[in-house]
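**Q** Input: one structure, supplied below.
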Amino acid sequence: MKQKKLMKAMPKKIKGIEIEPGCISCGTCAAICPEIFEIKGVSQVRESADFEKNEDEIREVAEICPVNVIRLIESE
Ligand code: SF4
């Protein structure tokens, strides 16, 4: 019997975050994940951001941002 080789998917890691133009400063990202996001006019990523430690929250806000401007840069 032939066995299929299964490619094991490696979980992607977050390497960076980009806030695209269009943020409406609703504050949702900073409220849910203040360790990563702060509002300075528009949302910005903190320099001290630890993506690995806050990965679940980052993915959550990227999903629920009302104008969908949070882009995750992930490992291949
Ligand atoms: S959730 Fe989206 S729209 Fe709201 S402050 Fe964050 S980036 Fe801006």
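**Q** For segment 21-74, what does the relative contact order come out to in percent, with C-alpha contacts under 8 Å and a separation of six or more?
**A** 33 percent
**Q** Which whole-Hz couplings ³J(HN,Hα) result when phi for each residue of segment 9-24 is put into the Karplus expression 6.51 cos²θ - 1.76 cosθ + 1.60, θ = phi - 60°, listed in order with x for Gly and Pro?
**A** Per residue, the Karplus-derived 3J(HN,Hα) values read 6, 7, x, 6, 10, 7, 9, x, 9, 10, 9, 6, x, x, 4, 9 Hz.
**Q** Per DSSP H run of at least 4 residues, take -39500 (n - 2.57); add these up for the chain, divide by its residues and hand me the 222 nm value, nearest 500 deg cm²/dmol.
**A** -5000 deg cm²/dmol
**Q** Below 11 angstrom from the Cβ of residue 46, what's the summed charge of the other residues (Lys, Arg +1; Asp, Glu -1)?
**A** Around residue 46, the charge tally is -3.
**Q** Another question, if that's okay. Would you mind checking which residues have amide H under 5 Å from residue 43's amide H? H placed 1.01 Å from N; only 5 or more apart, or other chain.
**A** Sorted by chain and number, the residues that satisfy this are 25.
**Q** Something else now. For segment 21-74, what is Rg from Cα atoms divided by 2.2 N^0.38 Å, rounded to two decimals? Walk me through the numbers before you get to the answer.
**A** Numbers: Rg = 10.0 Å, N = 54, 2.2 N^0.38 = 10.0 Å.
With N residues counted in segment 21-74, Rg over 2.2 N^0.38 Å equals 1.00.
A short reminder: the numbers here are calculations on the coordinates, not readings from a lab. Source: prediction; values computed, not measured. Note that each Cβ is placed from the backbone with ideal geometry, even for glycine, and that neighbours are counted across all protein chains shown.
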